[in-house]
Amino acid sequence: MFSGAISALITPFRDGMVDEAALRELVEWQIQSGVDGLVPCGSTGESATLSHAEHEHVIKLVIEQTRRRVPVIAGTGSNSTAEAIRLTMFAREAGADAALLLSPYYNKPTQDGIYQHYKMIAANVDLPLIVYNIPGRTASNILPETFARMCEIERIVGVKESSGSLDQCSDILHLCGDRLTLLSGDDSLTLPLMAIGAKGVVSVATNVVPREVHDMVAAALAGDFANARAMHFKLLPLVRALFQETNPIPVKQACAFMGKCTNEMRMPLVPMSQGAADRLHKVMRQLGLF
């Protein structure tokens, strides 16, 4: 249902507030550059430090600016099932095309608890759901066997996989077949995962190089892995520079270098250290992004 280069949007800030003008311009640039979808209020969008009102406002603004030109997959995850249901209901009413929900963090449910979490959300909200597995942030891993159980839940249509394990992704694809669309959650693994059956990426790098990531993914989807591989190696230094420090610190700095927004973060995230920022600037200059 959802495939291609899908952009995990940053949330621009200015003087402590959401910078609405910068966010609208970012959405417009992403669409004009060919991205296949937009994800507001994910990890890259600093959802953890958005107030509930801000979270809803950002989702609504992105949907409004997008005007149905590409799908909007709203980030609505929470470690509270009731809160995830409420946010997902809001996204549906606002006009989102789907919701992206990370596995519950901090309280570390069992595999059955994770399954029941998603089952309850699906039972309460009529919206396509994409499960987000990112053990590095949630402290728990959704096992391939649990994804196989989720295939029974009609509204779950895909998975954003950020375990970093090709073996795990292979097992998910083997167990779930075409029932769930697998999307890479790691820019550096997009092409390797597409080689085994993934259908695209929910990308951080698209905030900086949307056209280039789109073209690489489109080439892979078309079976042109020679060109896709060349683009992968071209982008790899930038991808590595964008993950020198905790996401989204580097990508927000990169967007600031390009004049897309400020590099303002919400505490406890802080702006990029000088040495890392210098390395990022050098890579971006070598790619001709200035």
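The values are calculated or read from the model by the stated rules, or taken from the named source; none is laboratory data. These figures come from a predicted structure and were not determined experimentally. Here Cβ is always computed from backbone atoms with ideal geometry, including for glycine, and neighbour counts include all displayed protein chains.
List of remarks:
- Complete set of residues in segment 20-62 that are of a type in the set (Val, Ile, Thr), within 21 Å of Arg211 (Cα to Cα) and outside any loop (DSSP other than H, G, I, E, B): Val27, Ile31, Val39, Val62
- Check on Ala148, surrounded by 19 or more Cβ atoms within 10 Å (Cβ to Cβ), over 17 Å from the mean Cα position of the chain (by Cα) and either at pLDDT 95 or above or under 30 Å from Arg229 (Cβ atoms) (or both): no
- Residue ID - surrounded by the fewest Cβ atoms within 10 Å (Cβ to Cβ), chosen from residues in segment 81-90 that are without any contact (Cβ under 8 Å) to a residue 12 or more places away in the chain and not hydrophobic (A, V, I, L, M, F, W, C): Glu83
- Glu93 falls short on exactly one of the conditions (1) assigned to a helix (DSSP H, G or I); (2) touching a residue at least 24 places away in the same chain (Cβ under 8 Å), and that condition is (2).
- For segment 63-90, taking the residues that are in a strand (DSSP E or B) and among the small types (Gly, Ala, Ser), the one that is nearest to Asp36 (Cα to Cα) is identified as Ala74.
- Pairs, first free of Cβ contacts under 8 Å to residues at least 40 places away in the same chain in segment 177-198, second part of a loop (DSSP other than H, G, I, E, B) and among the polar types (S, T, N, Q), C-beta under 6 Å, six or more apart: Asp186/Ser162
- Looking only at segment 166-197, and only at residues there that are among the small types (Gly, Ala, Ser) and modelled with pLDDT of 95 or more, the one that is surrounded by the most Cβ atoms within 10 Å (Cβ to Cβ): Gly185
- Cβ-Cβ under 9 Å pairs, at least 6 apart or on other chains, segment 118-131 side of a type in the set (Ser, Thr, Tyr), far side part of a loop (DSSP other than H, G, I, E, B) and surrounded by 20 or more Cβ atoms within 10 Å (Cβ to Cβ): Tyr118/Ser103
- Residue ID - nearest to Leu183 (Cα to Cα), chosen from residues in segment 146-161 that are touching a helix residue (DSSP H, G or I) at 6+ places or on another chain (Cβ under 7 Å) and not in a strand (DSSP E or B): Phe147
- Test for Thr190: is it β-branched (Val, Ile, Thr) and in a loop (DSSP other than H, G, I, E, B): no
- Screening Lys252, Lys260 for residues that are within 30 Å of Glu20 (Cβ to Cβ), within 18 Å of the chain's Cα centre (by Cα) and in contact (Cβ under 8 Å) with a residue 60 or more places away in the chain leaves exactly one candidate, Lys252.
- Here is the figure for segment 198-214: residues that are surrounded by 18 or more Cβ atoms within 10 Å (Cβ to Cβ) and assigned to a helix (DSSP H, G or I) total 7.
- Single unsatisfied condition, Arg92 versus (1) touching a helix residue (DSSP H, G or I) at 6+ places or on another chain (Cβ under 7 Å); (2) over 24 Å from Ala218 (Cβ atoms): (1)
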